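Below is one structure, written out as structure tokens; comments come after it.
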There are 2 protein chains.
Amino acid sequence: MMRAILLVDHGSRVASANEALDTLAEQVRNRLPDRVVRIAHLELARPDVDEGIDACVAAGATEIVVHPYFLGPGRHTSHDIPRLVEAAAARHPGVRVRLTPALGPHEKLVDVIIERVAGVS
Amino acid sequence: MMRAILLVDHGSRVASANEALDTLAEQVRNRLPDRVVRIAHLELARPDVDEGIDACVAAGATEIVVHPYFLGPGRHTSHDIPRLVEAAAARHPGVRVRLTPALGPHEKLVDVIIERVAGVS
């Protein structure tokens with residue numbers, strides 16, 4: 001069994017914003033070195049979710065956990081991403097694909113806000 | 001001196017997404033009970049940044065820290081929000097207004113991703 005994580009963000013027309021997800025993937029890879037870690041963008045940039053799932057499978061993944069890297073639940077995380085993930089998973093019947101909750105809300109995000117505020121106060 | 005925090009998110013057409021910022025403000029208020037905490041949306045919803053700054057001043061704030069609640073630096077956090085904050089601050093010359101970095105990137109966000117992934121693995 002090879003496990004993969006697919007980080008999915010919104011996607012941007014700004015290259016540096018998209019590259020930030022690559023940096024994040026590298027950090028996750030460093031923390032979970034036994035996992036394949038790939039990225040995808042919901043909109044506006046490639047790879048898209050379909051291509052991201054394919055990249056995980058191409059790397060040998062038999063289990064894929066998709067993480068919507070979004071601050072809160074909304075249409076994108078409750079509807080758009082699940083729909084795309086389901087369609088992509090249907091093309092790989094031997095692969096188990098699961099979806100995590102969005103990044104936020106989470107108490108640790110409050111910690112970061114407090115830290116950011118303290119940093120300029 | 002009365003200090004305020006203004007949390008600014010992107011804003012959404014979905015009411016529940018906007019309400020999530022109110023919930024977040026409540027959490028920040030609970031952690032920093034000596035601060036006035038107000039919210040604003042960059043786009044698509046009210047109060048906007050201008051109204052958010054005004055709300056802080058109306059609550060008696062003489063120092064306002066504006067936090068862009070965004071996952072990463074980009075046009076919104078590097079250009080749009082600073083420009084709006086500067087214009088709003090210019091209307092209140094006696095009030096000190098500062099801007100924090102965006103929420104992300106931050107190592108604690110990686111912690112949350114790891115936790116989300118572990119939660120379904």
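The values are calculated or read from the model by the stated rules, or taken from the named source; none is laboratory data. For clarity, every value in this text was computed on a predicted model and none was experimentally measured. Glycine also receives a Cβ, built like all others from the backbone with ideal geometry; neighbour counts cover every protein chain displayed.
What to note about this one:
- Index of the failed condition, B:Cys56 passing every other in (1) in contact with a helix residue (DSSP H, G or I) (Cβ under 9 Å, 6 or more places away or on another chain); (2) buried (at least 22 other Cβ atoms within 10 Å of the Cβ): (1)
- Leading residue by the ranking (surrounded by the most Cβ atoms within 10 Å (Cβ to Cβ)) among those in region B:1-34 that are closer than 18 Å to A:Leu109 by Cα and of a type in the set (D, E, K, R): B:Asp9
- Residue match in region B:76-92 (condition: part of a helix (DSSP H, G or I), touching a residue at least 24 places away in the same chain (Cβ under 8 Å) and charged (D, E, K, R)): yes
- B:Gly52 more than 16 Å from the chain's Cα centre (by Cα) and more than 8 Å from chain A (Cβ to nearest Cβ): no
- Here B:Thr100, B:Thr77 are screened, and the one residue that is polar (S, T, N, Q), in contact with a helix residue (DSSP H, G or I) (Cβ under 8 Å, 6 or more places away or on another chain) and under 29 Å from A:Val14 (Cα atoms) is B:Thr100.
- Matching residues, region A:37-50, being buried (at least 16 other Cβ atoms within 10 Å of the Cβ) and more than 16 Å from A:Ser16 (Cβ to Cβ): A:Val37, A:Arg38, A:Ala40, A:Leu42, A:Pro47, A:Asp48, A:Val49
- Residue match in region B:72-94 (condition: at pLDDT below 95 and touching a Gly at 6+ places or on another chain (Cβ under 8 Å)): yes
- Checking each residue in region A:101-121 for being closer than 16 Å to B:Gly119 by Cα, at the interface with another protein chain (Cβ under 7 Å from one of its Cβ atoms) and assigned to a loop (DSSP other than H, G, I, E, B) picks out A:Pro101, A:Leu103, A:Pro105, A:His106.
- Filter result (over 11 Å from the mean Cα position of the chain (by Cα) and within 21 Å of A:Ile114 (Cβ to Cβ)) within region B:5-18: none
- All of (1) in a loop (DSSP other than H, G, I, E, B); (2) at pLDDT 95 or above; (3) surrounded by fewer than 20 Cβ atoms within 10 Å (Cβ to Cβ) hold for A:Ala61 with one exception: (3).
- Close pairs (8 angstrom Cβ cut-off, 6 or more residues apart or separate chains): within 7 Å of another protein chain (Cβ to nearest Cβ) and free of Cβ contacts under 8 Å to residues at least 24 places away in the same chain in region A:16-36, of a type in the set (Gly, Ala, Ser) and buried (at least 18 other Cβ atoms within 10 Å of the Cβ) anywhere: A:Ala17/B:Gly72; A:Ala17/B:Gly74; A:Ala20/B:Gly72; A:Ala20/B:Gly104
- Residues being of a type outside the set (A, V, I, L, M), within 10 Å of chain B (Cβ to nearest Cβ) and buried (at least 16 other Cβ atoms within 10 Å of the Cβ) - total across region A:79-100: 1
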